[in-house]
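Reviewing the structure listed below.
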Amino acid sequence: MCRTAMSALLASIARALSAHWKRGLVGLVATIVVIGAIAGAGGGASQGDFAIPGTESQKALDLLEAKLPGAAGVTSQIVYTTKDGKLTDAGKKQAITDSLASVKKLKDVVGASDPLAAGSISKDGRTAFSTVQYSVQSTDITKDQGKAFIDAAKTGNQDGVQVQMRGQVVDQGSQASAPVGELVGIFIAIILLTLLFRSWAAMLVTLIGALVGVMISQIVLAAIARPLGLPDFAAQLAIMLGLGAGIDYSLLIVSRFREQLVAGDDVPHAAARANATSGVAVVAAGVIVMVAIAGLLTIGIPLIGKLGIGSAIAVAAVVVSSVTVLPIFAGMLAKWLRPKDPKVTAPSPGFARWGAMLTRRPWFAVLGGAAVLIIIAIPFTSMRLGQPDDGNQASNLTQRKAYDQLSSAFGPGFNGPLLLAVGAKSGSVDKAATATLIATLKQTKDVKTVVGPAINKAGDAAVISVIPDTSPQDVATSDLVDNLRSDVIPGAIKGSNLNVYVGGQTAGFEDFSAKVSSRLPVFIAVVCGLSILLLIAVFRSIWVPLASAVFNLLSIGAAYGVITLVFQKGWGASLIGASGDVPIVSFIPLMMFAILFGLSMDYNVFLLSRIREAYFEGDSPKESVVHGLSRIAKVILTAGLIMASVFLAFASGSDVTIKMFGIGLGSAILVDVLVVRMVVSPALMTLLGEKAWWMPAWLDKIVPNISLEGGHDERADKQRAKTEVPA
């Protein structure tokens, strides 16, 4: 890539759009309408792909879908309790009958078990459950269906009967409609942007740049959700990431635009200069984020890969919005964007003093910052991966109440049954071998109950339910899954015509975690390698990208430490409506790594681009650190506080997975900005000195050059002309 090609392109776009903002505004509206029309024509409800290729739980699901489709559909449970009398009393029995009659009429419901039958009612007669079977997978259940299920089940709340529910259908119907997290994040952003800019116009333009990108990404995701099988969760994650990154990107460009206005540039030239410098930094940062997130495709699990696709689309949309939408509104509101007080955009004396202090004792800052990161990361060593269940929900939710009632009446393992899919290699299922298998299962340690077999009409497949003694999250349950697969089942069916696969939700989560762990080294290598290459292209340096990668890894480790402390250890968990001892969702560390590695590089690019700019304007290495920090630190600090606030606001939601993302991403951004960018990076650049911007001549020739300065400078040319041995 030509050294000035990108900056020249972005400058010309900004110049044209700011000078002809009316035509640009019409084009923007037309673009949104066209994209919306395409989404409306081709979009639709998502049919997410939750397959885990190559795992035993997936083989079990495939067998059940082919031979026993009724057992492969999603289920939910209705729990009936009473404090007075028994559920078999006439009035209470009628309330249960009415409730089930309403449920059985619902769309896609193919059956509901009798809660008063033996095995479904507790010994004291005060707790009973019905398992409601749907003909479709959870990915095909809509929110309206979930609400209908809840309303139908609640008709049993009469004559002293209390109804609680749990299961994925209930989860769908209980999703909050109001975007509380998004609104809280935007409100905090409005306050911080106003304090930074001291201008309603600058605050408004920054928000518009981000919100337009988020809106476009949501339209695009709606259009491709069905054909790509994106899970519903992808859209919420995209909003979280798009809001945080979008405000950051817009903030950087608007700040530079106002600086250029104060410097005496007219509006088109100020917009062009902002895009040619900060705009290029935004594009470079955004590409690094997208590369990191795209690395999720290497894991080989469709769900994770598609979450990565959705997140990458969100980042791409806000990057494009930042370099195109902002110039339009810069031209429209130029009169109000020009700072009345030039001091607003002047370098910060406070951060200049801070930079001078760091450059006097750089080793102390680097080692001290590293020590802080390591201390915060220590709890990460005890992180336990798993899948939170309804036992981790807030105590006021119906899912948690149903979970507790079932655990109390039937044992903790009842909430996480293992489904054994039995298939005949040829002909019919060997009944004698099946009976031997069941007898062996009943004698196996940590098995409480064995139910079945339920054989299909063709007689060539069956399903057996195994209820563990322990809860789905218990280590003993994981050990039981391993024991069944490796020893118990192979020994029991040896010499028979049976294939038996251990499946069900609990076993599926075990397989999910195992597959993620096995592919993690490849993923980390791909993300780090590609990100380092991109930083080499941006900064024409070897040491800066390598050092950046190392400290990014430390800050991510610190984020892992925080979520372990909050959710596993229970530190402050009650403040966000979570219970203690919650296992960390298997894919969250993976997603966090991809997102945080990219976002950390955002601030890295923003800071180092200003330091590099000062250096190639003629500053010494120490002076460039002080001057660069004084120019950009205030913006980075505000941007970091905004992004952290956006992420942390999502912890107010009811879903524990979203809470983990919110706390993990928010705390990571705070750690990265306050420790790495404000302390470690400036000190490290001081220690590197002239070597910071050195790279071998042979590498300089083969790596594309992405200029951040927006123009030609002689000092950079001289630097590249040096020998391969650093000074």
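The values are calculated or read from the model by the stated rules, or taken from the named source; none is laboratory data. Keep in mind the model is a prediction, meaning the values are calculated, not measured. We place every Cβ from the backbone using ideal geometry, glycine too, and count neighbours over all the protein chains shown.
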**Q.** Condition check for Gly662: within 17 Å of the chain's Cα centre (by Cα), assigned to a helix (DSSP H, G or I) and crowded, with 23+ Cβ neighbours inside 10 Å
**A.** yes
Q: Please indicate, with yes or no, whether at least one residue in the stretch 122-143 is free of Cβ contacts under 8 Å to residues at least 40 places away in the same chain, of a type in the set (A, V, I, L, M, F, W, C), crowded, with 16+ Cβ neighbours inside 10 Å and assigned by TED's automatic domain parsing to the domain that holds Lys92.
A: no
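Quick grid of which residues meet (1) at pLDDT 85 or above; (2) not polar (S, T, N, Q):
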site: Gly244; (1), (2): no, yes
site: Tyr249; (1), (2): yes, yes
site: Ser255; (1), (2): yes, no
site: Asp265; (1), (2): yes, yes
site: Asn275; (1), (2): yes, no
site: Gly279; (1), (2): yes, yes
Q | Candidate set from the stretch 155-168 (those that are closer than 15 Å to Ala112 by Cβ and at pLDDT 85 or above); member that is surrounded by the fewest Cβ atoms within 10 Å (Cβ to Cβ) | A | Thr155
Q. Could we say that Asp265 is of a type in the set (Asp, Glu) and either touching a Lys or Arg at 6+ places or on another chain (Cβ under 8 Å) or not assigned by TED's automatic domain parsing to the domain that holds Arg610 (or both) here?
A. yes
Q: Pick out the one residue from Gly570, Gly618 that is assigned to a loop (DSSP other than H, G, I, E, B), assigned by TED's automatic domain parsing to the domain that holds Ser681, in contact with an Asp or Glu (Cβ under 9 Å, 6 or more places away or on another chain) and of a type outside the set (S, T, N, Q).
A: Gly570
Q) Among Val451, Val516, Val447, which is among the aliphatic types (A, V, I, L, M), under 26 Å from Gln393 (Cβ atoms) and over 34 Å from the mean Cα position of the chain (by Cα)? A) Val451
Q | Verdict on Leu252 being surrounded by 21 or more Cβ atoms within 10 Å (Cβ to Cβ), touching a residue at least 12 places away in the same chain (Cβ under 8 Å) and not β-branched (Val, Ile, Thr) | A | yes
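Per-residue answers, yes or no, for (1) surrounded by fewer than 21 Cβ atoms within 10 Å (Cβ to Cβ); (2) more than 22 Å from Phe647 (Cα to Cα); (3) in the same structural domain as Thr324 (by TED's automatic domain parsing); (4) at pLDDT 80 or above:
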| residue | (1), (2), (3), (4) |
| --- | --- |
| Gly181 | no, no, yes, no |
| Ile191 | yes, no, yes, yes |
| Leu196 | no, no, yes, yes |
| Ala201 | yes, yes, yes, yes |
| Thr206 | no, no, yes, yes |
| Ala210 | no, no, yes, yes |
| Val214 | no, no, yes, yes |
| Leu228 | yes, yes, yes, no |
**Q.** Residue list for the stretch 291-326, restricted to those being closer than 21 Å to Phe539 by Cα and either over 17 Å from the mean Cα position of the chain (by Cα) or modelled with pLDDT of 85 or more (or both)
**A.** Val319, Val323
Q | The listed residue being within 30 Å of Ser395 (Cα to Cα), crowded, with 20+ Cβ neighbours inside 10 Å and more than 19 Å from the chain's Cα centre (by Cα), out of Ala573, Ala547, Ala558 | A | Ala573
**Q.** Hey, Ala312 within 19 Å of Leu252 (Cβ to Cβ) and either surrounded by fewer than 24 Cβ atoms within 10 Å (Cβ to Cβ) or in contact (Cβ under 8 Å) with a residue 12 or more places away in the chain (or both) or not
**A.** no
Q | Residue identified as out of contact with any Leu (no Cβ under 8 Å at 6 or more places or on another chain), more than 30 Å from Ser478 (Cα to Cα) and either in a helix (DSSP H, G or I) or of a type outside the set (S, T, N, Q) (or both) among Ser645, Ser630, Ser609 | A | Ser630
Q. List pairs: first in the stretch 681-694 and in the same structural domain as Ser555 (by TED's automatic domain parsing) and β-branched (Val, Ile, Thr), second part of a helix (DSSP H, G or I) and surrounded by 24 or more Cβ atoms within 10 Å (Cβ to Cβ), Cβ under 8 Å, 6+ apart or cross-chain?
A. Thr686/Leu358; Thr686/Val625
Q. With respect to Thr638, is the statement that it is touching a residue at least 24 places away in the same chain (Cβ under 8 Å), in a helix (DSSP H, G or I), in contact with a strand residue (DSSP E or B) (Cβ under 6 Å, 6 or more places away or on another chain) and surrounded by fewer than 24 Cβ atoms within 10 Å (Cβ to Cβ) true?
A. no
Q) If only one of Ala271, Ala238 is part of a helix (DSSP H, G or I) and farther than 27 Å from Gly628 by Cβ, which one is it? A) Ala238
Q. Is the stretch 262-272 home to any residue that is in contact with a helix residue (DSSP H, G or I) (Cβ under 6 Å, 6 or more places away or on another chain) and over 25 Å from Ala8 (Cα atoms)?
A. no
